[in-house]
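The values are calculated or read from the model by the stated rules, or taken from the named source; none is laboratory data. What you see is a predicted model; the values in this text were computed from it and never measured. As a convention, Cβ positions derive from the backbone with ideal geometry for all residues, glycine included, and neighbour counts pool all protein chains shown.
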């Protein structure tokens with residue numbers, strides 16, 4: 001019971017991070033955030049990240065958790081094409097924000113950034129193939 005409550009709080013923190021980014025873009029789409037964060041795969045990922053990630057004590061931890069969840073959703077077979085486009089856009093903005101933070105931040109978190117970029121590259125190629133006229 002206690003584990004379920006803790007997981008719910010962790011998921012809420014990640015969802016709040018994504019909602020805040022959407023709000024900065026002038027969009028409020030809680031349904032999108034729920035579809036991305038409430039899958040079984042995302043719940044397991046969030047729980048694992050909060051428990052064992054190397055950056056769990058960092059001030060940027062929730063930002064990085066949300067980035068990882070978005071990258072994972074981009075690679076998922078259970079996410080719609082529209083939601084994947086939204087994930088891609090949000091990840092793109094996050095990478096731009098990381099560029100502004102500092103080079104040290106990018107070096108320190110190169111593993112997470114590498115995962116984000118790999119998911120974006122894969123989706124970019126697959127997205128163009130799937131959306132090309134037949």
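What are the residues in the stretch 18-58 that are within 19 Å of residue 93 (Cβ to Cβ) and not in a helix (DSSP H, G or I), if any?
Matches in the stretch 18-58: 25, 26, 27, 28, 29.
State all residues of the stretch 98-116 that are over 11 Å from residue 75 (Cα atoms), under 15 Å from the mean Cα position of the chain (by Cα) and surrounded by 14 or more Cβ atoms within 10 Å (Cβ to Cβ); if no residue qualifies, say none.
If the condition is that a residue be over 11 Å from residue 75 (Cα atoms), under 15 Å from the mean Cα position of the chain (by Cα) and surrounded by 14 or more Cβ atoms within 10 Å (Cβ to Cβ), then 98, 109, 112, 113 are the ones that fit.
Identify, please: which residue in the stretch 77-100 is outside any helix (DSSP H, G or I) and modelled with pLDDT of 90 or more and is, among those, nearest to residue 50 (Cα to Cα)? First the steps, then the outcome.
Taking the stretch 77-100 first, the residues outside any helix (DSSP H, G or I) are 77-80.
Still in the running and modelled with pLDDT of 90 or more: 79-80.
Details: 79: 23, 80: 26 Å.
Ranking the candidates gives 79 first.
Kindly establish whether residue 81 is surrounded by fewer than 13 Cβ atoms within 10 Å (Cβ to Cβ) and touching a residue at least 40 places away in the same chain (Cβ under 8 Å).
Answer is yes for this residue.
All but one of (1) buried (at least 17 other Cβ atoms within 10 Å of the Cβ); (2) closer than 16 Å to residue 21 by Cβ hold for residue 46, so report the exception by its number.
(2)
Tell me yes or no: at least one residue of the stretch 61-77 is over 21 Å from residue 12 (Cα atoms), exposed (fewer than 13 other Cβ atoms within 10 Å of the Cβ) and without any contact (Cβ under 8 Å) to a residue 40 or more places away in the chain.
Taking every residue of the stretch 61-77 in turn, at least one turns out to be over 21 Å from residue 12 (Cα atoms), exposed (fewer than 13 other Cβ atoms within 10 Å of the Cβ) and without any contact (Cβ under 8 Å) to a residue 40 or more places away in the chain.
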